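Data first, discussion second: the structure below is written as structure tokens.
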Amino acid sequence: MSDLGIEELLYGCEHVYTDVELVQKLEKSAKTGRPLRVKLGMDPTAPDIHLGHSVVLRKLRQFQDLGHQAVMIIGDFTARIGDPTGRSKTRPVLTVDEINANAQTYLQQAGRILDMSPEKLEVRHNSEWLEQMNFTDVLRLAGRMTVGQMLKREDFRKRYESEVPISVHELLYPLVQGWDSVNIRADVELGGTDQTYNNLVGRELQSDVQQEPQIVMIMPLLRGLDGQRKMSKSYGNYIAVTDSPRDFFGKTMSIPDDLLEEWFTLLTEVPEAEGRAAIKEHPMKAKDLLARKIGERFYTTAEMETAAKWWHEHFGARRTGEVVNVPVPAAEIDDGCVPVWKLAWLAHDREISKSEARRMVQGGAFAWGGEKITDPNQTVRVEAGQQFRAGRFRKGERVKQPLIAAVVLEG
């Protein structure tokens with residue numbers, strides 16, 4: 001099966017519905033010469049994408065590299081409904097102009113991962129078929145699923161039991177998304193674990209209209225820089241695909257050790273055995289390798305080498321320990337900024353006095369972005385993963401930990 005790429009395609013997947021059918025489709029494609037149509041839907045509810053989005057985009061690129069057709073569905077119609085997945089309340093509705101602007105930016109950034117050539121990527125807007133439906137068509141589509149089936153969704157069930165309002169249009173969302181698969185005759189649909197229900201609805205609808213049901217391939221949700229929650233701009237724990245080489249490198253160096261194996265699997269082509277060997281040898285060396293490999297998806301090897309050199313010169317030359325995460329409560333942040341003395345104080349787990357923290361800064365023991373700051377009242381704009389130096393050396397010994405710290409936003 002290796003010539004079909006099945007091992008590569010299954011690697012990193014959380015679930016496949018079903019892997020046996022996927023093999024059958026790949027074999028049939030090889031015999032007939034017809035590439036599989038691999039669907040990825042996106043509702044342009046935000047303009048930018050981050051490494052969490054790149055997980056499914058990378059899987060889509062694998063299909064492209066194996067000769068299959070990627071079909072990107074721009075949910076310009078479904079974005080007007082708002083995907084209720086994982087929401088405890090109804091999403092705000094975007095304007096058409098906002099949706100179109102977001103879609104344009106999203107496609108530009110996705111192009112840093114996908115092969116955008118017309119023979120490899122088909123871009124469709126679901127308004128093409130959804131806007132043509134009349135009310136009778138909508139009722140017929142709604143009749144293909146029961147309310148009981150809808151309430152099997154955990155987010156709907158919790159909201160229903162808690163008497164949190166669920167709009168009827170939200171109940172229709174999975175059906176509308178699934179109807180996309182029918183209209184483009186998808187062979188495979190990709191999605192994160194939060195999209196499992198929606199994607200399986202598409203599989204059922206295809207069977208209802210006597211189409212061969214799509215394979216649903218579910219990827220894990222990437223945990224962000226804090227090591228706890230999924231990567232999200234809302235949580236501030238993300239690396240954007242437009243970040244600079246220095247940010248790619250520095251933020252990756254700040255992740256908790258227990259994220260290493262997950263990030264190697266979902267964000268790089270590093271063989272599993274090589275990744276595990278690097279982690280076993282030393283987590284910091286593994287992070288160095290990981291940061292370079294992630295960054296090389298978006299920048300040249302030379303650019304990432306320069307970024308690595310800069311980081312090690314500014315943060316690694318006198319380093320003896322690990323990067324230590326520094327929780328920064330929302331209450332300590334004023335309009336996105338924090339005084340540097342407060343960061344030094346937080347970095348030492350409040351075990352030094354505020355006066356000592358101020359003196360530490362004044363003594364030249366604080367650096368932000370590689371630049372020394374000696375004014376304790378100077379404020380800096382904080383974001384998750386931002387690294388800084390906050391420690392003092394005397395005769396080669398570190399007095400307080402951590403020397404290198406990384407911001408974790410709380411609250």
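Structure notes:
- With the charge dipole of the chain set up from +1 on Lys and Arg Cβ and -1 on Asp and Glu Cβ about the Cα centre, the Cα lying farthest toward the positive end among the listed residues Leu57, Pro44, Ala278 is that of Ala278.
- With a simple spin-label model that places each label point 7 Å from the Cα along the Cα-to-Cβ direction, the separation between Arg112 and Ser167 comes to 3.2 nm.
- For region 184-342, the equivalent ellipsoid derived from the Cα gyration tensor has semi-axes of 36, 21, 14 Å, listed largest first.
- Note on region 121-204: Rg/Rh from C-alpha atoms, Kirkwood Rh, equals 0.98.
- The length gained by stretching the chain between Val123 and Thr146 to full extension, at 0.36 nm per residue less their Cα-Cα distance, is 5.1 nm.
- Computed over protein heavy atoms with a 1.4 Å probe, the accessible surface of region 260-315 works out to 50 Å² per residue.
- About the centre of its Cα atoms, the chain shows a dipole size close to 1220 debye [charges on the beta carbon of Lys, Arg (+1) and Asp, Glu (-1) only; nearest 20 debye].
- If you sort Ile6, Ile279 by accessible surface, 1.4 Å probe, largest first, the order is Ile279, Ile6.
- Dipole of the chain, positive direction: furthest Cα of Ile166, Val23, Gln214, with charges on the beta-carbon: Ile166
- In the context of the full protein assembly, Lys309 retains an accessible surface of approximately 120 Å², using a probe radius of 1.4 Å and ignoring ligands and nucleic acids.
- Spherically averaged projected area of the chain from its Cα convex hull (nm²): 22.8 nm²
- Ranked order, His312, His348 - accessible area, probe 1.4 Å, largest first: His312, His348
- For Glu305 and Cys13, the difference between the fully extended length at 0.36 nm per residue and the C-alpha to C-alpha distance is 102.1 nm.
- Proximity of backbone amide H atoms, modeled 1.01 Å from N, is registered between His50 and Val241 at under 5 Å, excluding neighbours fewer than 5 places apart on the same chain.
- Once all protein chains are placed together, Glu122 keeps about 40 Å² accessible to a 1.4 angstrom probe.
The values are calculated or read from the model by the stated rules, or taken from the named source; none is laboratory data. Worth saying up front: this structure is predicted, and the values here are computed from it rather than measured. Methodologically, a virtual Cβ is constructed for each residue, glycine included, from the backbone with ideal geometry; neighbour enumeration extends over all protein chains shown. In case anyone asks, the SASA skips ligands and DNA or RNA and just uses the protein heavy atoms, side chains included. Shrake-Rupley method; radii C 1.70, N 1.55, O 1.52, S 1.80 Å.
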